Amino acid sequence: MEGIEKVCQFLDEVHTYYLATVEGDQPRVRPFGTALLYDGRLYIQTGKVKPVSHQLAQNPKAELCAFKGGKWLRISGELVNDDNRDVKVAMLEKMPSLKAMYSADDGNMQMLYLKNAVAVFSSFTEAPETITF
Ligand SMILES: Cc1cc2nc3c(=O)[nH]c(=O)nc-3n(C[C@H](O)[C@H](O)[C@H](O)COP(=O)(O)O)c2cc1C
């Protein structure tokens, strides 16, 4: 399995991860659950009306953190908007519950992929494993 696949699988398994953004000098963090591997990129999904989207438009730097079974994952990088309709459709297919709130053509659904990402798997017992993509 490629490193980026391992990262996406972990996010799928935890179901909930925490996404941190920056607003001025204030960190902002919230639970997220969307993750999609598409065309070699790791995407997350949000709504363009949300503060998180506005924060990323101002400053794309972000971190994701997740924990499961004695292992935790921290991903730092930039989140880049991608308006490709096919990616939105793929996300809605992977997580159909999103269809209650979003559609590919609603002007609100936003897909963002990680760029310059450094993902580190850590545990109290093993050496850290770093994956870049
Ligand atoms: C378990 C869980 C998973 C969530 N996943 C997402 C998600 O993938 N994308 C999203 O936009 N909001 C998701 N939310 C909702 C956001 O956490 C919520 O809208 C949050 O307020 C967004 O941050 P903001 O207020 O800074 O914009 C999720 C909430 C929960 C409880």
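The values are calculated or read from the model by the stated rules, or taken from the named source; none is laboratory data. These numbers come from a predicted model, not from an experiment. Here the Cβ positions follow ideal geometry from the backbone for every residue, glycine too, while neighbour counts run over all protein chains shown. Heavy atoms of the whole protein, side chains included, go into the accessibility calculation; ligands, DNA and RNA do not. Shrake-Rupley method; radii C 1.70, N 1.55, O 1.52, S 1.80 Å.
From A62, A66, A57, grab the single residue that is more than 23 Å from T125 (Cα to Cα), more than 10 Å from the ligand (Cβ to nearest atom), touching a helix residue (DSSP H, G or I) at 6+ places or on another chain (Cβ under 8 Å) and not β-branched (V, I, T).
Details: A66 fails: more than 23 Å from T125 (Cα to Cα); A57 fails: touching a helix residue (DSSP H, G or I) at 6+ places or on another chain (Cβ under 8 Å).
Every option except A62 fails the conditions.
Restricting the stretch 41-85 to residues that are within 22 Å of E2 (Cβ to Cβ) and not in a strand (DSSP E or B), which is most open to solvent (accessible area, probe 1.4 Å)? Once the filter is applied, the top-ranked residue is G69.
Considering only residues of the stretch 2-31 that are β-branched (V, I, T) and within 8 Å of the ligand (Cβ to nearest atom), which is surrounded by the most Cβ atoms within 10 Å (Cβ to Cβ)?
Looking only at the stretch 2-31, we keep the residues that are β-branched (V, I, T), and these are 4, 7, 14, 16, 21-22, 29.
Next cut, within 8 Å of the ligand (Cβ to nearest atom) only: 16, 21.
Details: T16: 11, T21: 22.
My answer is T21.
Filter the stretch 95-123 for residues that are farther than 17 Å from Y17 by Cα and open to solvent by 40 Å² or more (accessible area, probe 1.4 Å) and give the result. If the condition is that a residue be farther than 17 Å from Y17 by Cα and open to solvent by 40 Å² or more (accessible area, probe 1.4 Å), then P96, S97, K99, A100, M101, S103, D105, D106, G107, K115, N116 are the ones that fit.
Residues that are within 18 Å of Y38 (Cα to Cα) and free of Cβ contacts under 8 Å to residues at least 60 places away in the same chain occur in the stretch 70-77; there is at least one. Of all the residues in the stretch 96-130, those that are closer than 29 Å to K48 by Cα and in a strand (DSSP E or B) number 12. Checked against (1) surrounded by 11 or more Cβ atoms within 10 Å (Cβ to Cβ); (2) of a type outside the set (V, I, T); (3) touching a Ser or Thr at 6+ places or on another chain (Cβ under 8 Å), P128 passes all but a single condition, namely (1).
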